[in-house]
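To keep things clear, I will list the structure first and then write my remarks on it.
The values are calculated or read from the model by the stated rules, or taken from the named source; none is laboratory data. No experiment lies behind these values; they were computed from the predicted model shown. No Cβ is skipped: glycine too gets one built from the backbone with ideal geometry, and neighbour counts run over all protein chains shown.
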Amino acid sequence: MALAFDEYGRPFIILKEQDQKTRLRGIEAQKANISAGKAVARILRTSLGPKGMDKILQSPDGDVTITNDGATILEQMDVDNQIAKLMVELSRSQDYEIGDGTTGVVVMAGALLEQAERLLERGIHPIRVAEGYEMASRIAVEHLEHISKKFDFEATNIEPLVQTCMTTLSSKIVNRCKRHLAEISVKAVLSVADLDRKDVNLDMIKVEGKVGGKLEDTELIYGITVDKDMSHPQMPKQIEDAKIAILTCPFEPPKPKTKHKVDIDTVEKFQTLRLQEQKYFDDMVQKCKDVGATLVICQWGFDDEANHLLMHRNLPAVRWVGGVELELIAIATGGRIVPRFQELTPEKLGRAGLVREKSFGTTKDKMLYIEHCANSRAVTIFIRGGNKMMIEETKRSIHDALCVARNLIRNNSIVYGGGSAEISCSIAVEAAADKYPGVEQYAIRAFADALDSVPMALAENSGLQPIETLSAVKSQQIKENNPHYGIDCNDVGTNDMRQQDVFETLIGKQQQILLATQVVKMILKIDDVISPSDY
Amino acid sequence: MAIERILKDDASEEKGERARMASFVGAIAITDLVKTTLGPKGMDKILQSTGRGQEVTVTNDGATILKSLHIDNPAAKVLIDISKVQDDEVGDGTTSVVVLAGELLREAEKLVAAKIHPMTIISGYRIAAECARNALLQRVVDNKENAEKFKSDLMKIAKTTLSSKILSQDKEHFAQLAVDAVMRLKGSTNLEAIQIIKKPGGSLKDSFLDEGFILDKKIGLGQPKRIENAKILVANTAMDTDKVKIYGARVRVDSMSKVAEIEGAEKEKMREKVQKIIAHGINCFVNRQLIYNFPEELFADAGVLAIEHADFDGIERLALVTGGEIASTFDNPESVKLGHCKLIEEIMIGEDKLIHFSGVEMGQACTIVLRGASHHMLDEAERSLHDALCVLSQTVNDTRVVLGGGWPEMVMAKAVDELARQTPGKKSHAIEAFSRSLVAIPTIIADNAGLDSADLVAQLRAEHHKEGCNAGIDVISGSVGDMAELGISESFKVKQAVLLSATEAAEMILRVDEIITCAPRKREDRM
């Protein structure tokens, strides 16, 4: 640790408790940071692409997650290093913004860091490297715009959307029935999409899973499922043309929030109180009945007596429904959430064509399906699968596919996948490098090399010769001036990604490059790491 | 410079070959553990819990064994999970699914050692699983139309399922019990309606199926012990003090006489409530909650049989079988649906008195009374019977049936083998490995029975070369026999679930190339 001394040779205290802290400076610090970033990227590198492998992650409590989703791996990894945490953030922001390409962005950042390390060794100042990267990323993003294609889809022709979702799903374990899942995702997104405003509210799509059955049994429900059953075992299990009262008040005697005491000191009072109590329950049920409700969904519990009265008056009811589900039900059925019995009116009831209870397997698991709702804009994707981990992974994969479909509705430009976009950008950046005078030229060239690492990892994971394949594809792109050549991961026999129908969204790719560059710039600018040492 | 640690201190990371090896070893260890319980001559395991009392369970049910294990290996956890799901979904085949997944991984390990990429193995397994399913689908027997034949199918399935359990000595008897119970359900899979009561004493043979409903409760003192043409009110209401539910109510009095008055009012209230209940014209009252002495006395005076403190399941079931509704308020006697039954009487099983409802309105429900020498025996008998009931109720819905005794595995293995020969490329090795894993199941069955598995399986394979052969392993005589003649059948749904989930699990484990274990959460020391 560097120390400062005054003229008498006594050390200045610059940092609080400075002898207990470790400090790295200058090139040392940069190298340590770069190596940490690279280590994170190396973990994810093998998960890239359709032949990417999965990781088992064991949480501190011993739960097992099996996944190949970059964001999930990093999130669960529980990293300690500060720079590694930056990489985790990077992947997470890609997840929030785009939803897909979370692995790619980390691999890209790792490659940029690796190239930067070489430049640093040659004595180029980190800021110059960062500036060069910035220029290069601008060229790459512009180039992506240039090679992107608009593609058309309508509500009737969903084929192109399905194709794109299939590209996303093919890298996951669910690729066995990717067609089925892609169709479900696209239909789900389209049914909640506002095509005029080009907006999709993914909150309206609920993804539910239940263990058992096969992956192929996964279905799209135009409505809501609730993991609850009727409050009374003898209530009807199926209700057609249901009018639903959505309540957030319990079927229990009122509990005023102000502190109070009801004193009973005579027999008369005791009796009136008793009658009062009976009337409460009667009134509550009667109010629901009066407005014409045929189903009551309540956020709270029921008293035994109320439960029986409901059953008695032939008014099926569901209790303990969670707040989020309640909101979804309200949106789907077009009803209003009613906080007090007094405020129930016929207009506030939600409507659904069919409400039914369905049981699964040999245990008494039951789910409530609310279908044919007044507002068809809320859908549920109901996943079945062999085991819990499979369902969790399927949920994540469906989430990715949904995000991709949403991005396409927002902006219908696509680029071709399989590494073709990266290769094409690399060529463009390489060509542009020569035009820049100064040291930045080296950084721009390094950027072009880093871009190559994504197709290289793809080829590696698919069991191809990485260098050979990449150089072949690159020369083919230049020779035929066609940016659609990529890595043939699935051994189909053609390099043309247009024929293989492998697409990715333009914004997803652009975002990847921009985010990766940003984080790398940030890491490069650090020249001093002060951390409390272990004691 | 050394690369800094990215992960926390206690976390560990295993990569590539090592990770794969860790998951293979874990999965295969689990398989070897449950392997010996497979088949009619499979052995049982004793499980001792670490909790207080060190409770002992003796079982041969795969799911039960695996559920009780504390496992740290992630791959092993995947296997335990599939076994649990198999239990929830179809109820039986919980051991087979783990064994098949383990065998698939064992074969995969060899292929990985021979430098075949896991992804290639996975795609081979997928094709093979599809092919195996189709092969099995072609050979299924569906006797949906013929009720007589279907019943005998069910009987065979029940016997096959039970033969690997502790009940195998009396499998005829129990198979009959299970089939009768399930046939009464008339196609519903609601096993709730079948009640199993365990009473130690007697022998397993003394177990019986009762058409009515048995409630493990006593009749209140001084009340009739036998009621014919009973009208039953099933209720869930407080029959103790019936406190005021309005929040914040409390009794505040200033003199002793007031206390007495209020007490009197309380009593009066209860009396009114009892009067109302009796006004329903009932002669039997079953409550989920306690009935205090005072109301009980009132009921006794009115000649009404009052049963208190029935558990919730019991109440629901009773409401279901007698056709009544569970009531909590008693103001409108005319509109409450009462339950009916022909006869209520107190019966004795062993030492205990039980209440027996016979001639109930809904014929669906029934009670199976299990008798046996010890609690462990009864617990295991219940598990076995539960397995059989699950399988049967699933079979009633999906009436397709296949033969048992290793026959389905051989049929599938043959089809998969043929496919392997027609498939070009590295995948064919994986497909071949799949067929070897399938054959491992009859091999293990034979091994567990102490037979010469190599010889038997080879014979079986030769037999299966002929078209439409029904050969399987006859464990009893220790030779290859005709499964159709021996009457060994299994449900197609179970076999299919075994095949698909085992492949899925194997696939999941194979795809892994890295295991990251987070630092275990620090527990506060309670020193």
Inset, instruction - Return the total of residues in region B:455-491 being in a helix (DSSP H, G or I) and surrounded by fewer than 23 Cβ atoms within 10 Å (Cβ to Cβ). - result: 10
Inset, instruction - Please identify the pairs in which a residue from region B:337-348 that is loosely packed, with under 15 Cβ neighbours inside 10 Å has its Cβ atom under 7 Å from the Cβ atom of a residue that is part of a strand (DSSP E or B), counting only partners at least 6 apart or on another chain. - result: B:342/B:228; B:342/B:229; B:342/B:358; B:342/B:359; B:347/B:354; B:347/B:356
Inset, instruction - State all residues of region A:465-487 that are touching a residue at least 24 places away in the same chain (Cβ under 8 Å) and either hydrophobic (A, V, I, L, M, F, W, C) or assigned to a loop (DSSP other than H, G, I, E, B) (or both); if no residue qualifies, say none. - result: A:470, A:473, A:478, A:483, A:484, A:486, A:487
Inset, instruction - Scan region B:45-62 for residues that are under 22 Å from residue B:440 (Cβ atoms) and modelled with pLDDT under 85 and jot them down. - result: B:60, B:61, B:62
Legend entry - Candidate set: region A:428-464, residues that are under 28 Å from residue A:493 (Cβ atoms) and not in a helix (DSSP H, G or I); chosen: the one nearest to the chain's Cα centre (by Cα): A:462
Inset, instruction - Exactly one condition in (1) crowded, with 18+ Cβ neighbours inside 10 Å; (2) within 14 Å of chain A (Cβ to nearest Cβ) is not met by residue B:34; state its number. - result: (2)
Legend entry - strands (runs of 3 or more DSSP E) fully within region B:211-281 counting 3 or more residues that are within 13 Å of chain A (Cβ to nearest Cβ) and modelled with pLDDT under 75: B:249-251
Legend entry - Pairs where the first residue, in region A:263-275, is within 7 Å of chain B (Cβ to nearest Cβ) and closer than 14 Å to residue B:263 by Cβ and the second is surrounded by 15 or more Cβ atoms within 10 Å (Cβ to Cβ) and of a type in the set (Gly, Ala, Ser), C-beta under 6 Å, 6+ apart: A:267/B:265; A:270/B:265
Inset, instruction - Just give me the residues in region B:72-91 being over 21 Å from residue B:496 (Cα atoms), of a type in the set (A, V, I, L, M) and within 9 Å of another protein chain (Cβ to nearest Cβ), in sequence order. - result: B:75
Inset, instruction - Test residue A:207 against the stated conditions and say whether it is within 14 Å of another protein chain (Cβ to nearest Cβ), hydrophobic (A, V, I, L, M, F, W, C) and either farther than 30 Å from residue B:495 by Cα or not in a helix (DSSP H, G or I) (or both). - result: no
Legend entry - The one condition in (1) in contact with a strand residue (DSSP E or B) (Cβ under 9 Å, 6 or more places away or on another chain); (2) of a type outside the set (D, E, K, R); (3) free of Cβ contacts under 8 Å to residues at least 24 places away in the same chain that residue A:83 fails to fulfil: (3)
Inset, instruction - Please specify each residue of region A:340-369 satisfying the condition of being out of contact with any Leu (no Cβ under 8 Å at 6 or more places or on another chain), touching a residue at least 40 places away in the same chain (Cβ under 8 Å) and charged (D, E, K, R). - result: A:340, A:348, A:351, A:365, A:366
Inset, instruction - Tell me which residues, restricted to region B:68-113, are farther than 26 Å from residue B:520 by Cα and basic (Lys, Arg). - result: B:106, B:110
Inset, instruction - Filter region A:63-101 for residues that are of a type in the set (A, V, I, L, M), part of a helix (DSSP H, G or I) and more than 11 Å from chain B (Cβ to nearest Cβ) and give the result. - result: A:71, A:86, A:90
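Go through A:297, A:329 for me and flag whichever is more than 8 Å from chain B (Cβ to nearest Cβ), within 26 Å of residue A:227 (Cα to Cα), touching a strand residue (DSSP E or B) at 6+ places or on another chain (Cβ under 9 Å) and not in a helix (DSSP H, G or I).
The conditions single out A:297.
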Inset, instruction - Please work out if residue A:337 is among the hydrophobic types (A, V, I, L, M, F, W, C), out of contact with any Lys or Arg (no Cβ under 8 Å at 6 or more places or on another chain) and touching a residue at least 40 places away in the same chain (Cβ under 8 Å). - result: yes
Inset, instruction - Name the residue, out of B:189, B:161, that is modelled with pLDDT of 80 or more and within 14 Å of chain A (Cβ to nearest Cβ). - result: B:161
Legend entry - Subset of region A:99-114 [over 18 Å from residue A:458 (Cα atoms) and crowded, with 24+ Cβ neighbours inside 10 Å]: A:113
Legend entry - Complete set of residues in region A:217-262 that are over 16 Å from residue A:366 (Cα atoms), of a type in the set (D, E, K, R) and within 14 Å of chain B (Cβ to nearest Cβ): A:217, A:252, A:255, A:257, A:259, A:261
Legend entry - Single residue of region B:144-170 satisfying the filter (surrounded by fewer than 24 Cβ atoms within 10 Å (Cβ to Cβ) and among the small types (Gly, Ala, Ser)) that is nearest to residue B:445 (Cα to Cα): B:163
Legend entry - Matching residues, region A:32-62, being in a loop (DSSP other than H, G, I, E, B) and either free of Cβ contacts under 8 Å to residues at least 12 places away in the same chain or facing another protein chain (nearest Cβ under 8 Å) (or both): A:46, A:51, A:53, A:59, A:60, A:61, A:62
Inset, instruction - Would you be able to say whether some residue in region B:134-141 is outside any helix (DSSP H, G or I), surrounded by fewer than 19 Cβ atoms within 10 Å (Cβ to Cβ) and of a type in the set (A, V, I, L, M, F, W, C)? - result: yes
Legend entry - Of all residues in region B:493-523 being in a helix (DSSP H, G or I) and surrounded by fewer than 23 Cβ atoms within 10 Å (Cβ to Cβ), the one that is nearest to the other protein chains (Cβ to nearest Cβ): B:500
Inset, instruction - Scan region A:408-454 for residues that are at pLDDT below 90, touching a Gly at 6+ places or on another chain (Cβ under 6 Å) and not small (Gly, Ala, Ser) and jot them down. - result: A:440, A:454
